[in-house]
1. For region 43-80, which positions are surrounded by fewer than 18 Cβ atoms within 10 Å (Cβ to Cβ) and under 19 Å from residue 145 (Cα atoms)?
2. With the structure loaded, tell me whether residue 162 is buried (at least 18 other Cβ atoms within 10 Å of the Cβ), within 16 Å of the chain's Cα centre (by Cα), closer than 17 Å to residue 50 by Cα and free of Cβ contacts under 8 Å to residues at least 60 places away in the same chain or whether it fails that test.
3. For region 13-38, which residues satisfy the criterion of being within 17 Å of residue 112 (Cβ to Cβ), in contact with a strand residue (DSSP E or B) (Cβ under 9 Å, 6 or more places away or on another chain) and surrounded by 13 or more Cβ atoms within 10 Å (Cβ to Cβ)?
4. I need the full set of residues from region 133-152 which are surrounded by 23 or more Cβ atoms within 10 Å (Cβ to Cβ), within 15 Å of residue 104 (Cβ to Cβ) and either touching a helix residue (DSSP H, G or I) at 6+ places or on another chain (Cβ under 8 Å) or without any contact (Cβ under 8 Å) to a residue 12 or more places away in the chain (or both), in order please.
5. Before we move on, is residue 55 under 15 Å from the mean Cα position of the chain (by Cα) and modelled with pLDDT of 90 or more?
6. Please state which one of 181, 177 is surrounded by fewer than 23 Cβ atoms within 10 Å (Cβ to Cβ), within 12 Å of residue 53 (Cβ to Cβ) and either more than 11 Å from the chain's Cα centre (by Cα) or in contact (Cβ under 8 Å) with a residue 60 or more places away in the chain (or both).
7. Collect the residues in region 165-174 that are in contact (Cβ under 8 Å) with a residue 60 or more places away in the chain and buried (at least 24 other Cβ atoms within 10 Å of the Cβ), keeping them in residue-number order.
8. For region 38-50, indicate whether the set of residues that are assigned to a helix (DSSP H, G or I) and either modelled with pLDDT under 90 or more than 20 Å from residue 168 (Cα to Cα) (or both) is non-empty.
């Protein structure tokens, strides 16, 4: 029997966002305690707040938008591997992957503080209060290997599959070219590999 494990961050005010991105701002439009007939809330935030899927349009001007992305890769059993302590994920770290054996791959790196913000993986430095851009990411070769092995989805417990300073987003583009869906900012601290 399959077990469903929640690996998503709680969306709430103060959740860290990528530098320069729109912060999470929930607000009330209508409130019964102000005389309205019901309570209605709204929220403004980046579409990349917390745990999210990267639609190809995020990094390619001609890619699929979030509304056009097939949801099938996001649902089903997944293999979780623990690569804690690895800064740059290379093909040698993924050597156990065999062609066509794994459809969904979730990579646990613990390179961001998954507990500091009660499940919010994007990390702020406790000392400076600023975004920390040191997190594990895929090399272009690892992304190519994942795409070449028939994986339909890859997810990491980091803010990006690419390095924080990447302007070319090679891993994103390689995965998209191989029809591999991308999940970022997963919460995997409580998930046992396997």
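The values are calculated or read from the model by the stated rules, or taken from the named source; none is laboratory data. Bear in mind the structure is a predicted one, so any value in this text is a computation, not a measurement. Using ideal geometry, Cβ is built from the backbone for each residue, glycine included, and neighbour counts are taken over all protein chains shown.
1. 79
2. The answer is yes for residue 162.
3. If the condition is that a residue be within 17 Å of residue 112 (Cβ to Cβ), in contact with a strand residue (DSSP E or B) (Cβ under 9 Å, 6 or more places away or on another chain) and surrounded by 13 or more Cβ atoms within 10 Å (Cβ to Cβ), then 16, 17, 18 are the ones that fit.
4. 146
5. The answer is no for residue 55.
6. Only one candidate passes the filter, namely 181.
7. 172
8. No, region 38-50 has no match at all.
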